[in-house]
1. Has the stretch 392-411 got at least one residue that is of a type in the set (Asp, Glu) and under 28 Å from GLU77 (Cβ atoms)?
2. Can you work out which of the residues in the stretch 453-465 that are crowded, with 24+ Cβ neighbours inside 10 Å and not basic (Lys, Arg) is modelled with the highest pLDDT?
3. Quick one: in the stretch 428-449, of everything that is at pLDDT 95 or above and part of a loop (DSSP other than H, G, I, E, B), which residue is nearest to LEU192 (Cα to Cα)?
4. So which residues in the stretch 242-277 are without any contact (Cβ under 8 Å) to a residue 24 or more places away in the chain, loosely packed, with under 15 Cβ neighbours inside 10 Å and in a strand (DSSP E or B)?
5. Please state which one of VAL227, VAL239, VAL183 is under 23 Å from the mean Cα position of the chain (by Cα), within 30 Å of GLY24 (Cβ to Cβ) and touching a residue at least 40 places away in the same chain (Cβ under 8 Å).
6. Could you check the stretch 100-139 and list, in sequence order, the residues that are out of contact with any Pro (no Cβ under 8 Å at 6 or more places or on another chain) and among the acidic types (Asp, Glu)?
7. Considering each of THR91, THR98 in turn, give the residue that is part of a strand (DSSP E or B), under 22 Å from TYR370 (Cβ atoms) and modelled with pLDDT of 95 or more.
8. Residue by residue through the stretch 218-257, note down the ones that are of a type in the set (D, E, K, R) and farther than 25 Å from SER127 by Cα.
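The values are calculated or read from the model by the stated rules, or taken from the named source; none is laboratory data. Small disclaimer: the values here were computed from a predicted structure and weren't measured. Here Cβ is always computed from backbone atoms with ideal geometry, including for glycine, and neighbour counts include all displayed protein chains.
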Amino acid sequence: MAEVIVVGGGVGGMVAALLLARDGHDVRLYERLPRLGGKLAEHTRDGFTFSAGPSLLTLPGLFLDLGVPLDLLELHELCRYHWADGSVLPTYRDPERTAQEVDRLAPGEGRNWRAFHRWAERCLDASARTFFAGPSSGPVVEPPFRAAGRRPDDRRGDRQAGRQSGEPGGPLARPRPGDLLAVAPGRTLHALAGRFFRDARLRQYVDRYATYAGSNPYRAPAALGCVPAIEHGDGGWYVRGGLPRLADALALSLDKAGVEIRLETEITEVIAGAGRVGGVRTARGEAVRADIVVVNADAACLYGRLLPDRARLRRIARLGLSSSAFLLLAAVEGRTEGMAHHSVVFSADYRRECGDIFDRRRPPEDPTVYIACPVVDDPAQAPEGAESWSMLVNVPAGDPGRWPMPPEAYAELVLDRLASRGYDLSGRLRFLDLLTPADLRDRYGAWGGAIYGGAYGGPFAPFRRPANRGPLRGLYLVGGSAHPGGGLPLVAMGGRIVAALVRRDFPGSARRPGEARG
């Protein structure tokens, strides 16, 4: 069996550690913080609970297929979109119901939304067979999920062997002729939106999917338009008690698999020698031997500090930074009539907003605000008669000390914008806590506080992300800055890809069933 060290306890690292342990390797996981989960974090105060990271789960089968115990609630209304002209579009798990709502918003556009959704399904199918199913520098290693229409409780026979052995996936997906054309190569997401919709509001709705990768829709590839096929095909889900319970469930699975977890232990170096990894060094100076090292940290951290490599660091820098986040965590007095679990309040001018974030490198003057209010479905997230609001604004990565105004003043601007759009919290705030890009940088080692590492700028940017296999034998990279990207589903896919690469690179190294640990 191989000695494996996983550096960093984010979701991608936890998935990789779980699979490698089930493959029979001796796995240790080192995490600098006092808890596992990385950006899948929670903020609590005075009886209020906030998601300080992801607040919606898609493709939960990626975790259920691993036997991770989750108490899930399906959200039939996925999100409610609000525009500056006062119009509103609720979207639902049911694609046909969503198309009807689109027709109410913009008569005649329902037909176009159906066509857009069919394109998104084809794009997702092609991506599942290619981009999502293997490392960026090699062939397909395994199918990450059933592309559409698979519910978390759909336990199909072709998955049974994988679930029993701990190895995800069923029959190997194979690329097909036409897969490249299915992802609209060379077209930006904004151009894709213009291809399907005449109404400017619906083009803005499509453009927003670039923010799922922290990118600019006027430069990001059209393939990001496959996201609606995930949301409407496999649904949007809430983990009861808040999404950080997913991290707790993964931690429980790691413990059952025999993974040794070391919290509050920082790794400062990946030890290399003779073209392969030799282990890691902790901040206390301890050298720990390993045959395999999986780094679940920002790629810029790996190649800038843990294993300095100027050439790779320059390639990462050329990608440019993804956006960061400014979080307003509001304890709200009273209950808001008709409040949705997930809402998006759009800016009046999306092109100007994106220009502020990605070109002028400043928080947008008129921001789009995402609001998560979990009390709608989980009253325990706030004291009785109150609500916890997690509000997210996309801002540039970098030092908030260089903003035109301090974060506290920008928070007031955001609240004023929301008040003018019908979300007035005047006199209702018990407290307001803020998280800035500096917090993301300092807590998680995120490069400049960028949520997703490099941005998707250009049609081939997804294929230029740092690879899962490192430059040394036995070194692997997983997490939001590496292939296939950020967000809960993608980092979980990355963990699966790394486990499959280890099986390929180290055949026969796993412990035989029933063999005792050394």
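1. From the stretch 392-411, those of a type in the set (Asp, Glu) are 399, 408; that's our starting set.
This time we only want the ones that are under 28 Å from GLU77 (Cβ atoms), so: none.
Scanning the stretch 392-411, I find no residue that is of a type in the set (Asp, Glu) and under 28 Å from GLU77 (Cβ atoms), so the answer is no.
2. To start, the set of residues in the stretch 453-465 that are crowded, with 24+ Cβ neighbours inside 10 Å comprises 453-454, 456, 465.
This time we only want the ones that are not basic (Lys, Arg), so: 453-454, 456.
Details: GLY453: 88, GLY454: 85, TYR456: 77.
This residue is GLY453.
3. Restricting to residues being at pLDDT 95 or above and part of a loop (DSSP other than H, G, I, E, B), the top hit is THR436.
4. GLY273
5. On the way: VAL227 fails: within 30 Å of GLY24 (Cβ to Cβ); VAL183 fails: within 30 Å of GLY24 (Cβ to Cβ).
Just one listed residue meets the conditions, VAL239.
6. Hits for the stretch 100-139 are ASP103, GLU109, GLU121, ASP125.
7. Values: THR98 fails: part of a strand (DSSP E or B).
That would be THR91, the only listed residue that is part of a strand (DSSP E or B), under 22 Å from TYR370 (Cβ atoms) and modelled with pLDDT of 95 or more.
8. Residues of the stretch 218-257 that are of a type in the set (D, E, K, R), as a first pass: 219, 231, 234, 240, 245, 248, 255-256.
Correct list: ARG240, ARG245, ASP248, ASP255, LYS256.
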